[in-house]
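Enquirer: Below: one structure in structure tokens.
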Amino acid sequence: MSSSDHIVTSYDEELRELARSIAEMGGLVEQQFEESVAALLTSNTDLAQQVVSGDRQINRLHTEIEEHAILVIAKRQPMAQDLRETISAIRISNDLERVGDLSKNIAKRALAIEDQRISQTLRRGVDHLSSLALKQLKDVLDAYGARDTDKARAVWRADDEIDAIYVSLFREMLTYMMEDPRNIGMCTHLLFCAKNIERIGDHATNIAETIFYLVTGKPMERMERAGILHTM
Amino acid sequence: MTETYSPEHKPEAAVSADPNKAAEKTVIPQAQHAAEKAQGEHDIKVKTEKVCVFYGDKQALFDVDLDIRERQVTALIGPSGCGKSTYLRCLNRMNDTIDIARVTGRIMLDGEDIYETGVDVVELRARVGMVFQKPNPFPKTIFENVAYGPRIHGLARNKRELDEIVVHSLQRAGLFEEVKDRMDEPGTGLSGGQQQRLCIARAIAVSPEVILMDEPCSALDPIATAKVEELIDELRENYTIVIVTHSMQQAARVSQRTAMFHLGYLVEEGPTDVMFTNPTDKRTQDYITGRFG
């Protein structure tokens, strides 16, 4: 965090509290995401239910962080790095809240297709995609904790791989659906899950951009994303 | 006066009792600059080079190089005793009034060194006006407070012209509506915020080019402060403004450029937007975020 302390110690405490809440929310979201995919791949309805109801806690944290940040702005009129710290907390908690929603959605779909068998290949594909996205999420939260721009950049760059895997998974599911229309229901749910996971990767890169801005005060330069369009 | 304005041009000839000349002198450079100016660019109105100030043996300011841009608000910030007010007071030679004060270096107003021998200090202070921390109206009527400057500088040929100047100045300072029915009442009877706007009206009555403000809002409540800030924003269209303030939020709100002073040195100067979101210097960072020990 900041190099030296404020003259007003309660101000430091408020900023620390914000960062602490983000870390807490990050940990929870990570867990929700991991468990939603596990519930999906192992057809574990109890776990899926647990994820669905667990989202409330994330929403509550999100509201708390937002209120806390607004209060800091009102009370302290933060400047420079403090201002970036406060604004970043709002942005990151928004991204994390979305990741929570997407995880909840995966869990709901897990409940919807609990009685259907997911083919080994698709299972492996989704598993791979989700472990990459989960790693991204973990790395970016570490980068936030350490205010590490190199690590944030690495996350930003690694997103291309997730996009590529998502596209190949998309094609594979198309093939399954064309082979046997009875697969369409299950595959559509799975496809949405894969899309959710890909979106979670995008939120991780958003957070990476926020960390870069938080530390340097500059926006991360928008490199042209080569090749893959993910508008599907 | 038809000759082209140039930085070498010495306006001493214009420093005369002739009100027309005095008035024209301030108009010509501005009109020309406006015509020449590319959009978004601002010429340098005051250029200071290696300015040092000594109070006796004690040096208060060290080699300050700073360009004040025309028709921009430049905020000077820094902890108490950093030299920002000392610097401000150099710009219209207010430090001359302190016996032990000595100024070295160059301060160029439109390219002319204001510390050169032969410069009429009274004329200079008409071109570079000042508003102080504590509102200090003269113990005279509201009208007289504003009329005093134009009268001694011979800016009005008759009563009608003087009335016009007074009304116009009070309007520009956003005070006219509040005082138009009591122009004969003492200026000291106004509220603090009104007194400060009266002082601003008094400063602009002599058609200055630059207005220096030394913490103009520190004695005012938030409403009066907001009115003065609104006024500063409007005055920027016609005047170059340099403001010393202890309020970071005020500096962020009213200025386009900010200069940070510390222990007599100019630490950093740049666009206000950048200074308050992403300053380069650690000392600026610490100061504006409230970390200075």
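The values are calculated or read from the model by the stated rules, or taken from the named source; none is laboratory data. Keep in mind it's a predicted model, so treat the numbers as computed, not measured. Virtual Cβ from ideal backbone geometry, glycine too; neighbours counted across all protein chains shown.
Results for (1) in contact with a His (Cβ under 6 Å, 6 or more places away or on another chain); (2) within 14 Å of chain B (Cβ to nearest Cβ); (3) surrounded by fewer than 21 Cβ atoms within 10 Å (Cβ to Cβ), shown as yes or no for each residue.
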site	(1), (2), (3)
A:E66	no, no, yes
A:I73	no, yes, yes
A:D82	no, yes, no
A:A89	no, no, no
A:D101	no, no, yes
A:K104	no, no, no
A:A110	no, no, no
A:T121	no, no, yes
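Enquirer: Tally up the residues in the range A:4-59 that are β-branched (V, I, T) and within 14 Å of chain B (Cβ to nearest Cβ), please.
Expert: The qualifying residues number 3.
Enquirer: Name the one entry in A:L190, A:L214 that is within 14 Å of chain B (Cβ to nearest Cβ) and touching a residue at least 60 places away in the same chain (Cβ under 8 Å).
Expert: That would be A:L214, the only listed residue that is within 14 Å of chain B (Cβ to nearest Cβ) and touching a residue at least 60 places away in the same chain (Cβ under 8 Å).
Enquirer: Just one of (1) assigned to a helix (DSSP H, G or I); (2) more than 23 Å from the chain's Cα centre (by Cα) trips up A:I7, so point out which.
Expert: (1)
Results for (1) within 14 Å of chain A (Cβ to nearest Cβ); (2) at pLDDT 95 or above, shown as yes or no for each residue.
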| position | (1), (2) |
| --- | --- |
| B:D221 | no, no |
| B:M248 | yes, no |
| B:R257 | no, yes |
| B:M275 | yes, no |
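Enquirer: Please work out which residue is surrounded by the fewest Cβ atoms within 10 Å (Cβ to Cβ), limiting yourself to the range B:54-72 and to residues that are among the acidic types (D, E) and touching a Lys or Arg at 6+ places or on another chain (Cβ under 9 Å).
Expert: B:D65
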